[in-house]
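For reference, the structure discussed in these notes is given below.
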Amino acid sequence: MKALLCKTLGPAENLVLEDIEPEALGPAAVRVRVHAAGVNFPDTLVIEGKYQFKPPLPFSPGAEMAGTITEVGAKVSQYAVGDRVMGVFTHGCYREEVVVPAAGVIPVPEGMSLDQAAVFPMAYGTSYHALAQRAELQAGESVLVLGAAGGVGLAAVELAKAMGAGKVIAAVGSEDKFAVCREHGADEVINYREESLRERVKALTGGQGVDVIYDPVGGDAFDEAVRCLGWRGRLLVIGFASGRIPELAANRLLIKGAAAVGVFWGAFAMREPARNQQNFAELAELWAAGKLSPRIAARYPLAEVPRALDDLLGRRVQGKLLVEVADV
Ligand SMILES: NC(=O)c1ccc[n+]([C@@H]2O[C@H](COP(=O)([O-])OP(=O)(O)OC[C@H]3O[C@@H](n4cnc5c(N)ncnc54)[C@H](OP(=O)(O)O)[C@@H]3O)[C@@H](O)[C@H]2O)c1
(Lines give C-alpha, C1' and ligand atoms only; values in the text may rest on other atoms or scores of the structure.)
Protein backbone atom coordinates (compact mmCIF):
# COMPACT_ATOMS: atom_id res chain seq x y z
CA MET A 1 0.00 0.00 0.00
CA LYS A 2 1.20 3.53 -0.80
CA ALA A 3 1.74 5.88 2.13
CA LEU A 4 3.10 9.37 2.48
CA LEU A 5 5.70 9.21 5.24
CA CYS A 6 7.33 11.70 7.57
CA LYS A 7 10.71 10.12 8.33
CA THR A 8 12.41 13.20 9.76
CA LEU A 9 10.69 16.15 11.43
CA GLY A 10 10.81 19.32 9.35
CA PRO A 11 9.27 21.04 6.35
CA ALA A 12 6.70 19.37 4.10
CA GLU A 13 9.17 18.84 1.24
CA ASN A 14 10.80 16.13 3.40
CA LEU A 15 7.69 13.92 3.10
CA VAL A 16 8.17 10.84 0.91
CA LEU A 17 5.72 8.49 -0.85
CA GLU A 18 6.59 4.82 -0.24
CA ASP A 19 5.13 1.33 -0.42
CA ILE A 20 4.55 -0.14 3.04
CA GLU A 21 3.11 -3.38 4.41
CA PRO A 22 -0.58 -3.41 5.45
CA GLU A 23 -1.19 -3.14 9.22
CA ALA A 24 -2.63 -5.97 11.32
CA LEU A 25 -6.28 -5.55 12.32
CA GLY A 26 -7.16 -5.62 16.04
CA PRO A 27 -10.51 -6.95 17.32
CA ALA A 28 -12.01 -3.48 17.90
CA ALA A 29 -10.66 -1.93 14.69
CA VAL A 30 -11.81 -1.48 11.11
CA ARG A 31 -9.76 -1.39 7.93
CA VAL A 32 -10.76 1.48 5.63
CA ARG A 33 -9.82 1.91 2.00
CA VAL A 34 -9.17 5.67 1.93
CA HIS A 35 -10.95 7.50 -0.86
CA ALA A 36 -9.68 10.98 0.00
CA ALA A 37 -8.16 12.93 2.88
CA GLY A 38 -8.76 16.48 4.10
CA VAL A 39 -5.90 18.93 4.70
CA ASN A 40 -5.81 20.72 8.03
CA PHE A 41 -3.59 23.32 9.64
CA PRO A 42 -2.38 20.95 12.40
CA ASP A 43 -0.78 18.76 9.65
CA THR A 44 1.77 21.56 9.18
CA LEU A 45 2.60 21.45 12.90
CA VAL A 46 2.71 17.64 13.33
CA ILE A 47 5.38 17.16 10.64
CA GLU A 48 7.54 19.87 12.25
CA GLY A 49 7.20 18.30 15.72
CA LYS A 50 5.38 21.43 16.96
CA TYR A 51 1.97 19.91 17.77
CA GLN A 52 0.66 18.81 21.20
CA PHE A 53 0.89 15.21 19.98
CA LYS A 54 4.21 13.89 18.60
CA PRO A 55 3.86 10.52 16.78
CA PRO A 56 6.91 8.26 16.73
CA LEU A 57 8.85 8.33 13.41
CA PRO A 58 8.21 7.30 10.73
CA PHE A 59 4.52 8.17 10.48
CA SER A 60 1.97 9.30 7.91
CA PRO A 61 0.56 12.74 8.57
CA GLY A 62 -3.04 13.57 7.65
CA ALA A 63 -5.74 13.94 10.28
CA GLU A 64 -8.93 13.38 8.33
CA MET A 65 -10.22 10.92 5.76
CA ALA A 66 -13.26 9.26 4.23
CA GLY A 67 -13.47 5.85 2.62
CA THR A 68 -15.06 2.42 2.58
CA ILE A 69 -14.66 -0.32 5.18
CA THR A 70 -12.93 -3.39 3.74
CA GLU A 71 -12.55 -5.47 6.93
CA VAL A 72 -13.96 -5.39 10.47
CA GLY A 73 -12.37 -6.71 13.69
CA ALA A 74 -13.86 -9.72 15.49
CA LYS A 75 -15.54 -7.55 18.15
CA VAL A 76 -16.95 -4.91 15.81
CA SER A 77 -20.73 -5.16 15.42
CA GLN A 78 -21.77 -1.63 14.45
CA TYR A 79 -20.09 -1.64 11.01
CA ALA A 80 -19.90 -4.02 8.06
CA VAL A 81 -17.72 -4.34 4.98
CA GLY A 82 -18.82 -1.75 2.40
CA ASP A 83 -19.97 0.90 4.90
CA ARG A 84 -18.90 4.45 4.04
CA VAL A 85 -17.19 6.18 6.97
CA MET A 86 -15.25 9.33 7.78
CA GLY A 87 -13.05 10.20 10.72
CA VAL A 88 -10.50 12.45 12.38
CA PHE A 89 -7.31 11.11 13.97
CA THR A 90 -4.11 12.75 15.18
CA HIS A 91 -2.28 11.54 12.04
CA GLY A 92 -2.06 8.58 9.65
CA CYS A 93 -4.59 9.45 6.93
CA TYR A 94 -2.30 10.27 3.98
CA ARG A 95 -2.19 6.64 2.84
CA GLU A 96 -4.26 4.21 0.81
CA GLU A 97 -5.55 2.26 3.79
CA VAL A 98 -5.98 2.99 7.48
CA VAL A 99 -6.61 0.68 10.42
CA VAL A 100 -8.47 2.65 13.09
CA PRO A 101 -10.67 1.98 16.13
CA ALA A 102 -14.29 1.37 15.07
CA ALA A 103 -15.33 3.78 17.83
CA GLY A 104 -13.37 6.55 16.07
CA VAL A 105 -15.17 6.53 12.73
CA ILE A 106 -18.45 8.20 11.85
CA PRO A 107 -20.98 7.04 9.23
CA VAL A 108 -21.03 9.28 6.13
CA PRO A 109 -24.44 10.98 5.96
CA GLU A 110 -26.80 9.83 3.20
CA GLY A 111 -26.23 11.72 -0.03
CA MET A 112 -22.81 13.12 0.97
CA SER A 113 -20.04 12.18 -1.46
CA LEU A 114 -16.82 10.65 -0.10
CA ASP A 115 -14.98 13.77 -1.33
CA GLN A 116 -17.23 16.00 0.77
CA ALA A 117 -16.98 13.59 3.70
CA ALA A 118 -13.18 13.77 3.59
CA VAL A 119 -13.28 17.50 4.36
CA PHE A 120 -16.29 17.46 6.69
CA PRO A 121 -15.63 16.12 10.21
CA MET A 122 -12.73 18.33 11.38
CA ALA A 123 -14.21 21.65 10.28
CA TYR A 124 -17.84 20.97 11.11
CA GLY A 125 -17.14 18.86 14.22
CA THR A 126 -14.95 21.62 15.67
CA SER A 127 -17.18 24.54 14.76
CA TYR A 128 -20.42 22.87 15.87
CA HIS A 129 -18.94 21.90 19.24
CA ALA A 130 -17.55 25.45 19.61
CA LEU A 131 -20.82 27.21 18.82
CA ALA A 132 -23.22 24.75 20.46
CA GLN A 133 -21.46 23.60 23.65
CA ARG A 134 -18.80 26.25 24.26
CA ALA A 135 -20.56 29.46 23.16
CA GLU A 136 -24.08 28.16 23.78
CA LEU A 137 -25.10 30.25 20.77
CA GLN A 138 -28.68 31.53 21.02
CA ALA A 139 -30.98 32.34 18.11
CA GLY A 140 -30.60 35.94 17.03
CA GLU A 141 -27.13 36.44 18.55
CA SER A 142 -24.39 38.10 16.48
CA VAL A 143 -21.22 36.18 15.60
CA LEU A 144 -17.82 37.43 14.41
CA VAL A 145 -15.67 34.76 12.70
CA LEU A 146 -11.94 35.43 12.13
CA GLY A 147 -10.07 33.54 9.41
CA ALA A 148 -13.57 33.11 8.02
CA ALA A 149 -12.58 31.68 4.62
CA GLY A 150 -10.37 28.98 6.18
CA GLY A 151 -11.35 25.38 6.92
CA VAL A 152 -12.87 25.73 10.38
CA GLY A 153 -13.76 29.40 9.79
CA LEU A 154 -16.01 28.86 6.78
CA ALA A 155 -17.77 26.00 8.58
CA ALA A 156 -18.33 28.34 11.54
CA VAL A 157 -19.90 30.99 9.28
CA GLU A 158 -22.23 28.43 7.74
CA LEU A 159 -23.13 26.78 11.04
CA ALA A 160 -23.75 30.06 12.85
CA LYS A 161 -26.39 30.90 10.22
CA ALA A 162 -27.81 27.38 10.21
CA MET A 163 -28.13 27.49 14.02
CA GLY A 164 -30.17 30.69 13.87
CA ALA A 165 -27.59 33.37 14.59
CA GLY A 166 -28.54 36.96 13.79
CA LYS A 167 -25.81 38.97 12.10
CA VAL A 168 -22.77 36.90 11.05
CA ILE A 169 -19.66 38.98 10.38
CA ALA A 170 -16.79 37.30 8.51
CA ALA A 171 -13.27 38.71 8.90
CA VAL A 172 -10.57 37.72 6.40
CA GLY A 173 -7.13 38.85 5.28
CA SER A 174 -7.87 39.67 1.63
CA GLU A 175 -10.78 40.88 -0.46
CA ASP A 176 -10.74 37.94 -2.86
CA LYS A 177 -12.20 35.94 0.09
CA PHE A 178 -15.29 38.15 0.51
CA ALA A 179 -17.48 36.38 -2.05
CA VAL A 180 -17.01 32.89 -0.64
CA CYS A 181 -17.84 34.11 2.88
CA ARG A 182 -21.05 35.68 1.61
CA GLU A 183 -21.96 32.54 -0.37
CA HIS A 184 -21.67 30.53 2.85
CA GLY A 185 -23.89 32.84 4.90
CA ALA A 186 -21.93 35.90 6.05
CA ASP A 187 -24.03 39.06 6.29
CA GLU A 188 -21.01 41.36 6.48
CA VAL A 189 -17.36 40.95 5.55
CA ILE A 190 -14.27 42.77 6.89
CA ASN A 191 -10.67 42.73 5.63
CA TYR A 192 -8.72 42.85 8.91
CA ARG A 193 -5.43 43.51 7.15
CA GLU A 194 -6.77 46.75 5.63
CA GLU A 195 -9.55 47.90 7.96
CA SER A 196 -9.89 48.42 11.71
CA LEU A 197 -11.75 45.35 12.98
CA ARG A 198 -12.81 47.26 16.08
CA GLU A 199 -14.24 50.26 14.21
CA ARG A 200 -16.04 48.15 11.61
CA VAL A 201 -17.63 45.82 14.17
CA LYS A 202 -18.68 48.80 16.26
CA ALA A 203 -20.36 50.37 13.24
CA LEU A 204 -22.02 47.11 12.18
CA THR A 205 -23.46 46.44 15.66
CA GLY A 206 -24.65 49.93 16.55
CA GLY A 207 -21.78 50.26 19.02
CA GLN A 208 -22.87 47.16 20.96
CA GLY A 209 -20.15 44.67 19.96
CA VAL A 210 -20.81 41.01 19.15
CA ASP A 211 -22.18 38.17 21.27
CA VAL A 212 -19.78 35.47 20.05
CA ILE A 213 -16.29 35.65 18.54
CA TYR A 214 -14.81 32.57 16.84
CA ASP A 215 -11.01 32.91 16.64
CA PRO A 216 -8.81 30.30 14.90
CA VAL A 217 -6.15 32.96 14.10
CA GLY A 218 -4.83 34.49 17.35
CA GLY A 219 -2.05 37.12 17.19
CA ASP A 220 -2.97 40.70 16.19
CA ALA A 221 -6.46 39.66 15.06
CA PHE A 222 -7.20 38.33 18.57
CA ASP A 223 -5.92 41.55 20.18
CA GLU A 224 -8.35 43.58 18.05
CA ALA A 225 -11.21 41.10 18.39
CA VAL A 226 -11.20 41.23 22.21
CA ARG A 227 -12.24 44.86 21.89
CA CYS A 228 -15.25 43.81 19.77
CA LEU A 229 -16.92 41.79 22.54
CA GLY A 230 -20.41 42.84 23.50
CA TRP A 231 -22.09 42.56 26.91
CA ARG A 232 -21.93 38.91 28.11
CA GLY A 233 -19.92 38.08 24.98
CA ARG A 234 -18.07 34.77 24.56
CA LEU A 235 -14.67 34.69 22.85
CA LEU A 236 -13.94 31.21 21.51
CA VAL A 237 -10.23 30.35 21.49
CA ILE A 238 -9.92 27.92 18.57
CA GLY A 239 -6.31 28.19 17.39
CA PHE A 240 -3.34 30.31 16.46
CA ALA A 241 -2.88 30.08 12.69
CA SER A 242 -1.08 33.46 12.78
CA GLY A 243 1.73 31.77 14.72
CA ARG A 244 1.38 33.93 17.86
CA ILE A 245 -0.45 32.83 21.00
CA PRO A 246 -1.97 36.08 22.30
CA GLU A 247 -2.27 37.27 25.88
CA LEU A 248 -5.49 38.58 27.31
CA ALA A 249 -5.87 41.51 29.72
CA ALA A 250 -8.50 40.29 32.19
CA ASN A 251 -10.09 43.75 32.50
CA ARG A 252 -11.38 43.34 28.93
CA LEU A 253 -13.57 40.49 30.14
CA LEU A 254 -14.59 42.22 33.36
CA ILE A 255 -15.95 45.37 31.73
CA LYS A 256 -18.11 43.37 29.31
CA GLY A 257 -19.23 40.65 31.74
CA ALA A 258 -17.65 38.46 29.08
CA ALA A 259 -15.88 35.07 28.92
CA ALA A 260 -12.93 33.65 27.01
CA VAL A 261 -13.68 29.99 26.31
CA GLY A 262 -11.19 27.35 25.20
CA VAL A 263 -12.21 24.86 22.52
CA PHE A 264 -10.41 21.55 21.95
CA TRP A 265 -12.68 19.42 19.83
CA GLY A 266 -10.32 16.40 19.71
CA ALA A 267 -10.25 16.19 23.52
CA PHE A 268 -14.02 16.70 23.69
CA ALA A 269 -14.56 13.82 21.25
CA MET A 270 -12.39 11.54 23.44
CA ARG A 271 -13.84 12.64 26.78
CA GLU A 272 -17.48 13.00 25.79
CA PRO A 273 -18.00 10.50 22.95
CA ALA A 274 -21.78 10.26 23.38
CA ARG A 275 -22.21 14.03 23.13
CA ASN A 276 -19.88 14.10 20.10
CA GLN A 277 -21.96 11.38 18.40
CA GLN A 278 -25.06 13.41 19.12
CA ASN A 279 -23.38 16.44 17.52
CA PHE A 280 -22.73 14.43 14.35
CA ALA A 281 -26.34 13.22 14.32
CA GLU A 282 -27.41 16.88 14.47
CA LEU A 283 -24.90 17.80 11.76
CA ALA A 284 -26.36 15.01 9.58
CA GLU A 285 -29.80 16.59 10.04
CA LEU A 286 -28.49 20.01 9.02
CA TRP A 287 -26.83 18.35 6.01
CA ALA A 288 -30.08 16.58 5.06
CA ALA A 289 -31.91 19.91 5.32
CA GLY A 290 -29.50 21.36 2.74
CA LYS A 291 -27.96 23.84 5.19
CA LEU A 292 -24.32 22.73 4.89
CA SER A 293 -22.05 22.75 1.86
CA PRO A 294 -18.41 21.82 2.54
CA ARG A 295 -16.29 23.70 0.01
CA ILE A 296 -13.44 21.92 -1.77
CA ALA A 297 -11.11 24.66 -3.01
CA ALA A 298 -8.51 22.47 -4.75
CA ARG A 299 -7.48 18.84 -5.23
CA TYR A 300 -4.01 17.25 -5.00
CA PRO A 301 -2.62 13.75 -5.55
CA LEU A 302 -1.02 12.09 -2.51
CA ALA A 303 2.51 12.91 -3.70
CA GLU A 304 1.66 16.62 -3.78
CA VAL A 305 0.63 17.04 -0.14
CA PRO A 306 3.68 19.31 0.36
CA ARG A 307 2.24 21.75 -2.21
CA ALA A 308 -1.16 21.62 -0.47
CA LEU A 309 0.43 22.41 2.90
CA ASP A 310 2.36 25.28 1.29
CA ASP A 311 -0.88 26.72 -0.14
CA LEU A 312 -2.49 26.45 3.31
CA LEU A 313 0.38 28.25 5.03
CA GLY A 314 0.37 30.86 2.26
CA ARG A 315 -3.22 31.84 3.19
CA ARG A 316 -4.34 31.11 -0.37
CA VAL A 317 -7.14 28.63 0.45
CA GLN A 318 -10.86 29.33 0.47
CA GLY A 319 -12.55 26.42 2.21
CA LYS A 320 -10.75 23.08 2.31
CA LEU A 321 -8.09 21.24 0.31
CA LEU A 322 -8.67 17.64 -0.73
CA VAL A 323 -6.04 14.94 -1.22
CA GLU A 324 -7.27 12.34 -3.73
CA VAL A 325 -5.95 9.01 -2.53
CA ALA A 326 -7.96 6.25 -4.17
CA ASP A 327 -6.35 6.38 -7.61
CA VAL A 328 -2.80 7.04 -6.47
N1 LIG B 1 -9.46 23.92 18.81
C2 LIG B 1 -9.73 22.91 18.01
O3 LIG B 1 -10.36 21.94 18.39
C4 LIG B 1 -9.26 23.01 16.58
C5 LIG B 1 -9.69 22.09 15.60
C6 LIG B 1 -9.26 22.26 14.28
C7 LIG B 1 -8.39 23.31 13.96
N8 LIG B 1 -7.97 24.16 14.96
C9 LIG B 1 -7.06 25.29 14.69
O10 LIG B 1 -7.74 26.25 13.90
C11 LIG B 1 -6.81 26.95 13.12
C12 LIG B 1 -7.27 26.96 11.67
O13 LIG B 1 -7.22 25.65 11.12
P14 LIG B 1 -7.70 25.37 9.63
O15 LIG B 1 -7.40 23.95 9.34
O16 LIG B 1 -9.07 25.90 9.45
O17 LIG B 1 -6.65 26.29 8.83
P18 LIG B 1 -6.81 27.17 7.52
O19 LIG B 1 -7.82 26.58 6.62
O20 LIG B 1 -5.44 27.40 7.02
O21 LIG B 1 -7.41 28.55 8.06
C22 LIG B 1 -6.64 29.40 8.85
C23 LIG B 1 -6.95 30.85 8.48
O24 LIG B 1 -6.13 31.66 9.33
C25 LIG B 1 -5.80 32.85 8.67
N26 LIG B 1 -4.40 33.22 8.96
C27 LIG B 1 -4.01 34.37 9.54
N28 LIG B 1 -2.69 34.41 9.65
C29 LIG B 1 -2.20 33.27 9.10
C30 LIG B 1 -0.90 32.77 8.92
N31 LIG B 1 0.20 33.46 9.31
N32 LIG B 1 -0.76 31.56 8.32
C33 LIG B 1 -1.83 30.87 7.95
N34 LIG B 1 -3.12 31.29 8.11
C35 LIG B 1 -3.29 32.49 8.68
C36 LIG B 1 -6.03 32.62 7.18
O37 LIG B 1 -7.04 33.53 6.77
P38 LIG B 1 -6.75 35.03 6.29
O39 LIG B 1 -5.61 34.98 5.31
O40 LIG B 1 -8.04 35.40 5.66
O41 LIG B 1 -6.42 35.81 7.52
C42 LIG B 1 -6.56 31.19 7.05
O43 LIG B 1 -7.68 31.14 6.20
C44 LIG B 1 -5.45 26.28 13.34
O45 LIG B 1 -4.72 27.01 14.30
C46 LIG B 1 -5.82 24.92 13.89
O47 LIG B 1 -4.81 24.37 14.69
C48 LIG B 1 -8.38 24.02 16.24
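The values are calculated or read from the model by the stated rules, or taken from the named source; none is laboratory data. No experiment lies behind these values; they were computed from the predicted model shown. Counting neighbours? That spans all protein chains shown, and the Cβs are built from the backbone with ideal geometry, glycine included. To get the accessible areas, we keep the full protein, side chains included, count just its heavy atoms, and leave off ligands, DNA and RNA. Shrake-Rupley method; radii C 1.70, N 1.55, O 1.52, S 1.80 Å.
Run the numbers for D220 and E272: contour at 0.36 nm per residue of separation, minus the present Cα-Cα distance, in nm.
Here the segment from D220 to E272 would lengthen by 15.4 nm.
Compute a Gaussian network model of the chain, connecting alpha carbons closer than 10 Å, and tell me which residue from K167, K75, K50 fluctuates the most.
Of the options given, K75 has the highest mean-square fluctuation.
Among W265, W231, what's the order by accessible area (1.4 angstrom probe), most exposed first?
Result, largest first: W231, W265.
List the residues whose amide H sits under 5 Å from the amide H of N40, counting only those 5 or more places along or on another chain, with H placed 1.01 Å from N in the peptide plane.
Distant-sequence amide H within range of N40: A63.
What is the set of long-range amide H partners of V261 at a cut-off below 5 Å, with H atoms built 1.01 Å from backbone N?
Result for V261 returns L235, L236, V237.
Considering only DSSP beta bridges with both partners in the chain, what is the antiparallel share in %, to the nearest 5?
If we restrict to bridges inside the chain, about 55 percent are antiparallel.
Using C-alpha positions alone, give me the convex hull volume of the range 123-266 per residue in cubic angstrom.
Dividing the Cα hull volume of the range 123-266 by its residues yields 92 Å³.
Per the Kirkwood formula on distinct C-alpha pairs, the Rh of the chain is how many angstrom?
Taking every pair of different Cα atoms in the chain, averaging 1/r and inverting gives 20.1 Å.
Would you work out which of V108, T8, G257 lies farthest towards the positive end of the dipole of the chain? Charges go on Cβ: Lys and Arg +1, Asp and Glu -1.
G257
In nanometres, what is the gap between the two model label sites at N251 and D83, each 7 Å from Cα along Cα-to-Cβ?
For N251 paired with D83, the spin-label model returns 5.6 nm.
Under a Cβ-only charge scheme (Lys and Arg +1, Asp and Glu -1), can you give me the dipole magnitude of the chain about the Cα centre, in debye to the nearest 20?
The calculation lands at about 840 debye.
Name the long-range amide H neighbours of L144: under 5 Å, sequence gap of 5 or more, or other chain; modelled H, no Pro or chain starts.
I169, V212, I213, Y214
Answer with one residue from P61, G185, V168: the one whose Cα lies farthest towards the positive end of the charge dipole of the chain, charges on Cβ with Lys, Arg +1 and Asp, Glu -1.
Of the options given, the answer is V168.
Mind listing the phi-derived Karplus ³J(HN,Hα) values for the range 262-272, rounded to whole Hz, using 6.51, -1.76 and 1.60 with θ = phi - 60°, and x for any glycine or proline?
Running phi through 6.51 cos²θ - 1.76 cosθ + 1.60 with θ = phi - 60° gives x, 10, 9, 4, x, 5, 4, 5, 6, 7, 10 Hz.
Helix-derived [θ] at 222 nm for the chain: sum -39500 (n - 2.57) over DSSP H runs of at least 4, divide by residue count, nearest 500?
Value at 222 nm, helices only: -8000 deg cm²/dmol.
Enumerate the calculated ³J(HN,Hα) couplings along the range 133-141 in order (Karplus 6.51 cos²θ - 1.76 cosθ + 1.60, θ = phi - 60°), each rounded to whole Hz, writing x wherever the residue is Gly or Pro.
3J(HN,Hα) across the range 133-141, in whole Hz: 8, 8, 8, 6, 4, 9, 4, x, 6.
Connecting C-alpha atoms closer than 10 Å in a GNM of the chain, tell me which of F89, F280, F53 has the biggest fluctuation.
It is F53.
If r is the Cβ-Cβ distance from R227 to D311 and R0 is 25 Å, what FRET efficiency results, to the nearest 0.05?
Plugging the Cβ-Cβ distance into 1/(1 + (r/R0)^6) gives 0.20.
Please identify, among A297, A284, A249, the residue showing maximal mean-square fluctuation in a Gaussian network model of the chain using a 10 angstrom Cα cutoff.
Looking only at A297, A284, A249, the largest GNM fluctuation is found for A249.
Between S113 and K54, take the C-beta separation as r, use R0 = 30 Å, and let me know the FRET efficiency to the nearest 0.05.
Efficiency, rounded to the nearest 0.05: 0.35.
If R0 is 22 Å, what FRET efficiency do you get for T70 and A103 from their C-beta distance, rounded to 0.05?
Once rounded, the FRET efficiency stands at 0.75.
Compute the projected area of the convex hull of the Cα atoms of the range 229-312, averaged over all viewing directions, and report it in nm² to one decimal place.
For the range 229-312, averaging the hull's shadow over all directions gives 9.0 nm².
Show me the GluC sites (Glu not before Pro) within the range 24-77 that DSSP assigns to loop and that have at most 16 other Cβ atoms within 10 Å of their Cβ.
Taking the range 24-77 and a limit of 16 other Cβ atoms within 10 Å, the loop GluC sites (Glu not before Pro) found are E48.
Filter the GluC sites (Glu not before Pro) in the range 179-231 down to the DSSP loop ones having no more than 10 other Cβ atoms within 10 Å, then list what survives.
Sparse-neighbourhood loop GluC sites (Glu not before Pro): E194.
Using all Cα-Cα distances in the range 4-75, what percent lands in each 5 angstrom bin from 0 up to the longest?
Percent of Cα pairs in each bin: 3, 15, 20, 22, 19, 14, 5, 1.
Would you check the accessible area of L25, probe 1.4 Å, heavy atoms only, in square angstrom rounded to 10?
Roughly 50 Å² of L25 is accessible to a 1.4 Å probe.
What whole number of Å gives the distance from the Cα centroid of the range 128-187 to the Cα centroid of the range 95-123?
So the two Cα centres are separated by 23 Å.
Using the Cα centre as the reference, give the magnitude of the dipole from point charges on the C-beta atoms of the range 18-165 (Lys, Arg: +1; Asp, Glu: -1; all else neutral), rounded to the nearest 20 debye.
Result for the range 18-165 is approximately 340 debye, rounded to the nearest 20.
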